[in-house]
Amino acid sequence: MNKRDLSFALLVVTVWGANFTVIKLGLGGVPPMLLAAMRYTFTALPAIAFVKRPAVEWRYCIAYGLTVGVGQFACLFYAMDIGMPAGISSIILQSQAFFTPLFAAIALKEPLKANQISGLAVAALGLILIGSSAGTDGLTSIPLGALFLTVSAAVFWGLSNIIVRYAVNRAALKEEKLDMLSFVVWSSLVPPLPFIGLALMMDTPQALMQAIRSLNATSLFAVFYLVCFATLFGYGTWSVLLAKYPAGKVAPLSLMVPITGLVTARIILGEQLTEMQWLGGLVIILGLVITNIGWPSIKYFLRNKDIS
């Protein structure tokens, strides 16, 4: 990967890591389902006027919008609203890297590799360590419900990855190539109405209108960041890199998302995590490394690393 593309890749993972802190800031002034609805409304509009519709049937866009949009972010936003720290969220959400192979084995009959099973076992230990402090008293306690919802968000993300695989295969049958930016933009038409429905179930119309009228600079920045940086720039740049380079060179860079997420949350939000939560987070990251790289490659790297 040349220096320019590597710089863009590192910028994307930094943007995605900081995304969790921005969500936390946005939730300070906007109800979670309303914030999610605004994110997807302004992602779709006016972008669909300039982005060509993806070369797949609507059912794939709808399924993707319901899983990666409504499922993932309804769970994540509400979890963070009721107490899930931004830094820990950035780690747990990456467990989609474990759920995706499991769903692929079921739906696509893809065999599970030894490193994927090992990585899943290691990550499960990390979740147990984080969960051991859930529900306890103290500033750093994590509600059990918030932990469950964040894991559920990762499950929905994993499901959406399988839908993407189906969409890619379907486009290939039509001798077309799926444009991921186009797919993301057009599927963003799906979540706003479900999110508005969920928002009305959780708050009164008067409360939601008051939240809109009371939008401050921080809330507006959060919406702008989620739309322009986390979604359009992030997914657009990432899809270009995946099209230009082998997935094995690009995907492992996403391991930096939890790192930038933890650092950003620590600097901006001043999040204080317990030693057990830090340990659990590091164990999950280790599981991600094993899943993406594998034990043999780690041993090779350590054996051949220049320590002079």
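The values are calculated or read from the model by the stated rules, or taken from the named source; none is laboratory data. Because the structure is a prediction, the values reported are computed rather than measured. So basically every Cβ, Gly included, is an ideal-geometry build from the backbone, and we count neighbours across all protein chains shown. SASA here: full protein model, heavy atoms, side chains in, ligands and nucleic acids out. Shrake-Rupley method; radii C 1.70, N 1.55, O 1.52, S 1.80 Å.
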Condition met for R39 (in contact (Cβ under 8 Å) with a residue 24 or more places away in the chain and over 18 Å from the mean Cα position of the chain (by Cα)): no
So A104, is it within 21 Å of G17 (Cα to Cα), open to solvent by less than 30 Å² (accessible area, probe 1.4 Å) and either at pLDDT 80 or above or under 22 Å from the mean Cα position of the chain (by Cα) (or both): no
Enumerated helices (runs of 4 or more DSSP H) restricted to the stretch 138-250, each holding at least 3 residues that are in contact with a Leu (Cβ under 7 Å, 6 or more places away or on another chain) and of a type outside the set (G, A, S): 144-173
Filter result for the condition that a residue is under 22 Å from L66 (Cβ atoms), open to solvent by less than 40 Å² (accessible area, probe 1.4 Å), at pLDDT 95 or above and of a type in the set (A, V, I, L, M), over A199, A230: A199
Of all residues making up the stretch 126-167, the number that are of a type in the set (D, E, K, R) and modelled with pLDDT under 85: 1
Number of positions in the stretch 236-261 that are aromatic (F, W, Y) and either at pLDDT 80 or above or touching a Phe, Trp or Tyr at 6+ places or on another chain (Cβ under 6 Å) (or both): 1
Flag for A18 being over 18 Å from S188 (Cα atoms), in contact (Cβ under 8 Å) with a residue 12 or more places away in the chain and part of a helix (DSSP H, G or I): yes
Residue identified as buried (at least 19 other Cβ atoms within 10 Å of the Cβ) and touching a residue at least 60 places away in the same chain (Cβ under 8 Å) among S160, S152: S160
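Residues checked against (1) assigned to a loop (DSSP other than H, G, I, E, B); (2) within 18 Å of W157 (Cα to Cα):
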| site | (1), (2) |
| --- | --- |
| K24 | no, no |
| V30 | yes, no |
| L34 | no, no |
| Y40 | no, yes |
| V68 | no, yes |
| A79 | no, yes |
| S89 | no, yes |
Selection count, the stretch 267-293, where residues are open to solvent by less than 60 Å² (accessible area, probe 1.4 Å) and either among the small types (G, A, S) or more than 21 Å from T100 (Cα to Cα) (or both): 9
Hits in the stretch 42-57 - residues which are part of a loop (DSSP other than H, G, I, E, B) and under 19 Å from F229 (Cα atoms): L45, P46, F50, V51
